[in-house]
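Below you'll find the structure, written out as structure tokens, and then a few comments.
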Amino acid sequence: MDAGLTTVPEADIEKHRATAQSMITRLIVLEDSSGQSGTALAGTNRRFVSTVSTGSVRKTREVELTKTVMAVKPDDQLMGIGQHTLLYRVRRGIAVALAIADVFARGNDLESLQARNARAPLEGEDATRFKKLLNAAAYVAAFSFSSYLSQLIDSEGEPPNDIAEPDFLFDTAQDALKSLVAGLDRAIAGAKDDADLTLRADAYARLAIEGLLSRKGRFDGLGSFENAHIRIDADDFTLDGFDVAPGKKSKPLVMTFKRPEEVVGNHIAKYQSVKLAKMLMAYDFDRQLNPFVELGGFLFTFIGDGAPGTGKTTLIQMIAGLVSGYCEVAGYPFVYENFGVDQISSYQGKSGQNCRQFINNVLNPRAIGFGTIDDIDQVAARRSDDRASAGQQEITGVLMDAFAGAGTVVRGNCAFGMFSNYPENVDDALRQRAGARWLVDGPQTRDDYIDIFVLLAGKNHEIPLGDHDLYAAQEIQRAVSEEYDSYSTPHEDGLAKVWEHYRKDHGEPKTLADVGTYLHMIKEAEPRFTGRAIKNVTDAIKMRAMDIELPDDWFEKPETFMAKPYDEKKAMIEELRGPFDMAMVMQEINRYADSEFRYSDRSDDAAVEKLLRDARLRERASREMEELKKKGLWNA
């Protein structure tokens, strides 16, 4: 968010505690009659529904949330931990929501209009504006309460599908909260145990948020709250305007981490992974910005491609292990999530929702995040692929919007990695949203194969090593320097032809105009080399300019670097960076363009192979048809 941090004093929350207590004890609400009986039919969990229309009938209902919660264990006068926690969170959430509504009122004319209306009823435009802002404050309170419950209620299991949306009221903040409490009371009624109670409450909170967001367009007085950033440390509760709450606190990460020395080959990918891990730790939680985003060179999205078994999973384990270790030292929360094929749903819209939740969890500005989409070619489909499921198409749209959409904000607290054995099957527009391309080709040289065999074989033997300097080839700086130098000329045949043509006509590039000419020639040879590709190349060049090795001792103690103020961290980084040169520019152009030609060639090869296979099948079918005709067995 652009706005600064707004703190809500505990005293402002406490003054609403009595009101919150009265709401969970007993309140009266006016509801539409649904024609549904309040008594369950014997032997079922269903209620009788009248066939007579009662849509226009409204009736009062007495809500006693405390009694409803205690009814989960009717034979026990003392509430369980789950019951007590839920009731406390509801009361606290009401008080917090009312305090946030007060913050909203102070940010516009509502507070002064309330004071004037208390002295004498407002009239004309003032009355209209007063009502509009009062409704907006009610919406803010409802959203704050629902977000509070969603973030602070922990539940596990499949959410029930019989939870109903609340009968929203937006007359005042208290009316809005009463309608939500009444809906919660109905949602948890009949819960079997503590686990079911919290599961139903959590599902209700998320349903309420969805309902509120769908009604947001009805309110035109919410502008001042859009950029609000509210943090209540006592509850570990964050509200960033109307951004969907980032979800539950992450559980401890369980993963087999890999150290950089355990990754053989993949030198540039490994080097940039180590840099990315350190970059993430430069994030400033108070400013909610990373100096690398401001200075250039931050890697928000990347795609790693390579044949099966070349080390993509190992690379993921290495990045997650490095970031997790740094976060443990700094005391920062770390979120790692992988989005896979198991989250593609057969229900319309559900796959997109799952993907959006994954994105929001990783984007959470109050944590360091790393999100991966393994086998991206199976998870997200090409938009032109009519054989892909609707769920895959939904995921493609969500990822495209999240990675480089109109509302994408890169704070520098997280990164997303896409991995695939077949990147040519990924939608072109989605693939181009990957700011960096990592060729994950695994071990390549004789030294690499000796190193990986020794590493994986272990020490349960007495076989001599022989004439070999173990792991010397895996020294990152030396290996990366050699690999970068190799990109002074293109690797792929298609790009090599463009390069030779350029050199024949123009010689070696010396100016920015020469670079632009080379880029234009690449565009003519490969139409997918668009303006977005140029942006990705320039981002990679900036990253090379920031090709600085942040000292390891900066990450051994928080106070050395990670806990310093934003401006100090930025100054420390600026001291280490240098300008980029023509060699870097050409290497990064060739690295990126190589990947486009590689993907294009693979895609063309796959298409040709399919056509050849179809032609062979047609010829075979024709021969077998003739044989059947000769035998008199063809009846067509």
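The values are calculated or read from the model by the stated rules, or taken from the named source; none is laboratory data. Everything numeric here is computed off the predicted structure, so don't read it as measured data. Cβ sites come from the backbone with ideal geometry, for glycine too, and all protein chains shown count toward neighbours. Heads up: the accessible areas ignore ligands, DNA and RNA and are worked out on the full protein's heavy atoms, side chains in. Shrake-Rupley method; radii C 1.70, N 1.55, O 1.52, S 1.80 Å.
The listed residues Thr7, Thr314 rank as Thr7, Thr314 when sorted by accessible area, largest first, using a 1.4 Å probe. Rolled with a 1.4 Å probe across the full set of protein chains, the surface gives Ser214 an accessible area near 90 Å². In summary, the lysines within cross-link reach of Lys542, defined as a Cα separation below 22 angstrom excluding same-chain residues under 8 places away, comprise Lys270, Lys275, Lys278, Lys510, Lys523, Lys569, Lys570.
Averaging 1/r over each pair of different alpha-carbon atoms in the range 60-186 and inverting the result gives 16.4 Å, the Kirkwood hydrodynamic radius. Based on Cα atoms of the range 481-522, Rg over Rh with Rh as the Kirkwood radius reads 0.98. Among 14-23, 498-507, 64-73, sorting by the average number of other beta carbon atoms lying within 10 angstrom of each residue, highest first, gives 64-73, 14-23, 498-507. Selection among Val341, Thr313, Ala330 by position relative to the dipole of the range 283-344 gives Thr313 as farthest towards the positive end (Cβ unit charges, Cα centre). For the chain, a crude dipole built from +1 on the beta carbon of Lys and Arg and -1 on the beta carbon of Asp and Glu, taken about the Cα centre, is about 2220 debye to the nearest 20. At a probe radius of 1.4 angstrom, the accessible area of the chain per residue rounds to 50 square angstrom.
Farthest toward the positive end of the dipole of the chain, out of Asn590, Ile24, Ile573, is the Cα of Ile24, where the dipole comes from beta carbon charges about the Cα centre. Measuring between their Cα centroids, the range 571-600 and the range 264-317 lie 15 Å from each other. Ligands, DNA and RNA aside, Val103 has an accessible area near 40 Å² when probed at 1.4 Å.
What do you get for the angle between helix 512-525 and the principal long axis of the chain? Use alpha-carbon atoms, 0 to 90 degrees, nearest ten. That works out to roughly 90 degrees. A straight Cα-to-Cα reach below 15 Å connects Lys631 with none of the aspartates and glutamates, residues fewer than 8 places away in its own chain not being considered. Pairing the Cα long axis of helix 531-545 with the longest principal axis of the chain, what angle in degrees results, from 0 to 90 and rounded to the nearest 10? That helix lies at roughly 80 degrees to the long axis. As a length-normalised measure over Cα pairs under 8 Å and 6 or more apart, the relative contact order of the range 341-424 settles at 39 percent. Overall, the anisotropy analysis places the range 494-571 in the prolate class: the square-rooted eigenvalues a ≥ b ≥ c of its C-alpha gyration tensor yield a/c not less than 1.5, with a/b exceeding b/c. The helix-only estimate of mean residue ellipticity at 222 nm for the chain, built from DSSP H runs of length n ≥ 4 each weighted as -39500 (n - 2.57), is -16500 deg cm²/dmol after division by the residue total. Going by the alpha-carbon gyration tensor, a ≥ b ≥ c the square roots of its eigenvalues, is the range 115-178 rounded (a/c under 1.5) or, if a/c is not under 1.5, prolate (a/b greater than b/c) versus oblate? Prolate, since a/c reaches 1.5 and a/b exceeds b/c. Calculated over the chain, the projected area of the Cα convex hull averaged across directions stands at 45.8 nm².
Rounded, prolate or oblate: which fits the range 309-455 when a ≥ b ≥ c are the square roots of the eigenvalues of the alpha-carbon gyration tensor, with rounded for a/c under 1.5 and prolate only if a/b beats b/c? Oblate, because a/c is 1.5 or more while a/b does not exceed b/c. Of the chymotrypsin sites (Phe, Trp or Tyr not before Pro) found in the range 327-432, the ones in coil according to DSSP and having at most 11 other Cβ atoms within 10 Å of their Cβ are Tyr347.
A DSSP coil position with no more than 16 other Cβ atoms inside 10 Å describes the following trypsin sites (Lys or Arg not before Pro) in the range 115-200: Lys192.
Thinking of the range 270-368 as a set of Cα atoms, what percent of all their pairs are more than 24 Å apart?
Working: 1559 of 4851 pairs.
Above the 24 Å cut-off, the range 270-368 has 32 percent of its Cα pairs.
In the chain, the portion of solvent-accessible area held by carbon and sulfur atoms comes to 51 percent [1.4 Å probe, whole percent, DNA, RNA and ligands not counted].
Using only alpha carbon pairs under 8 Å that are at least six residues apart, calculate the relative contact order of the chain and give it in whole percent. Intermediate values should be presented prior to the final figure.
Values: 899 pairs, mean separation 77.9, N = 636.
Relative contact order for the chain comes out at 12 percent.
The separation of the range 332-377 from the range 126-145, counted between C-alpha centres, amounts to 33 Å. Against the chain, whose longest principal axis is taken from its Cα atoms, helix 110-119 shows a tilt of about 10°. Accessible area per residue was computed with a 1.4 Å probe on protein heavy atoms; Glu294 scores about 100 Å².
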